[in-house]
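Worksheet: one structure, shown below.
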Amino acid sequence: MSTTADLPAAGPAAESTAAVPPRGRAAGKRPLKRGERPRSASVLIHSALILASFIAAFPIGWIAWISLGPDKSDFLHPGDIAGKISFENYTTVLSDTSFLQWFVNSMIVALGTCLLGVFIAASSGYAVSRMRFPGHRQLMWTFLVTQMFPVAILMVPLYNILANLGLLDTYWALILVYCTTAIPYCAWLLKGYFDTIPAEIDEAGRIDGLTPFGTFYRLILPLARPGLAVAAFYTFLTAWAEVAYASVFMLSDDKYTLAIGLTTFISEHDTQWDLMAATSVLIAIPASLFFYLVQRHLVTGLTAGAAKS
């Protein structure tokens, strides 16, 4: 039989107790789930990303806009281009200059560097990842040491070496020089990626009678496509837009690459900014297409290589 003593006391104290929200939870706010950000943090992050994207894209858009101005002084008054947009600069570059020859030369050098550089980097990275031979650790550090020297210091000795080998003013001169720049980074990247591939796959290949090279070519390389895509993209860009080595080692006009051809629009007394802008846009198109072809592998290849290297 219940009594009045069993009932909660009524009055102001009871009302204030009932009005207090549960501890650790603000009134009217939904608790955040694991991994969920507050709305203010999301707004701040997206705002920073939009600003960074604008900063990155603005120079490209500016060059593309200047290339549509028919006069070489339009870069001084970009607002006036809207009323006289023209593709005359592109027509002039394609028809009145040696752009197509420059393009062919650059494509030969870039693809040659890409194929040779990726092959050497993949071979060395796989060897260091799987094999234990005297100096295998020192080999990777040696690759890094070669990256410490600036171009100005390497220019003269490389010129002498290429001259003694009879390679000056040849495509091989640039291909070999660009490989020395791209291979160290790519070897480290691919070594880290090969570390993520189980060694049991190599053992299975040996049991099936494959040679070490057969195991590498038939089993490992297909699994390393993301890492190879990153290495290919890096080596291609290294050779596609380089100026310093190309301007010294290529002596003939018919061997100019796109980067050197771009400098022909600059003279002692004049600079053809409109033609330079149009040429820059045309140079960027192949690199953008190459990026589009390999972009689905880039994130996987970069993160896997960085996690293990």
Checklist line | Pick from region 30-66, criterion among the polar types (S, T, N, Q) and modelled with pLDDT under 90, ranking: surrounded by the fewest Cβ atoms within 10 Å (Cβ to Cβ) | finding: SER40
Checklist line | Set ASP274, ASP254: member being touching a Lys or Arg at 6+ places or on another chain (Cβ under 7 Å), touching a residue at least 60 places away in the same chain (Cβ under 8 Å) and in a helix (DSSP H, G or I) | finding: ASP274
Notebook entry, point to check: Only one of (1) within 27 Å of THR264 (Cα to Cα); (2) more than 28 Å from the chain's Cα centre (by Cα); (3) open to solvent by less than 90 Å² (accessible area, probe 1.4 Å); (4) aliphatic (A, V, I, L, M) is not met by LEU76, so which one is it?
Noted result: (3)
Next item on the list: Determine whether region 220-241 contains at least one residue that is assigned to a loop (DSSP other than H, G, I, E, B), of a type outside the set (Asp, Glu) and open to solvent by 20 Å² or more (accessible area, probe 1.4 Å).
Entry: yes
Item checked: Meets criteria (part of a loop (DSSP other than H, G, I, E, B), of a type outside the set (D, E, K, R) and touching a Lys or Arg at 6+ places or on another chain (Cβ under 9 Å)) for LEU210 -> yes
Notebook entry, point to check: From the list ILE108, ILE81, ILE85, which one is under 26 Å from PRO286 (Cβ atoms), in contact with a helix residue (DSSP H, G or I) (Cβ under 6 Å, 6 or more places away or on another chain) and open to solvent by 60 Å² or more (accessible area, probe 1.4 Å)?
Noted result: ILE108
Next item on the list: Report whether or not ALA14 is at pLDDT 50 or above and in a helix (DSSP H, G or I).
Entry: no
Next item on the list: Answer yes or no: is there a residue in region 131-148 that is open to solvent by less than 40 Å² (accessible area, probe 1.4 Å), part of a helix (DSSP H, G or I), free of Cβ contacts under 8 Å to residues at least 24 places away in the same chain and not basic (Lys, Arg).
Entry: yes
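The values are calculated or read from the model by the stated rules, or taken from the named source; none is laboratory data. Quick caveat, the model's predicted, so the values are computed rather than measured. Please note: Cβ atoms are built from the backbone with ideal geometry, for glycine as well, and neighbour counts cover all protein chains shown. For the accessible areas, the whole protein counts, side chains as well, though only heavy atoms, and no ligand, DNA or RNA atoms are used. Shrake-Rupley method; radii C 1.70, N 1.55, O 1.52, S 1.80 Å.
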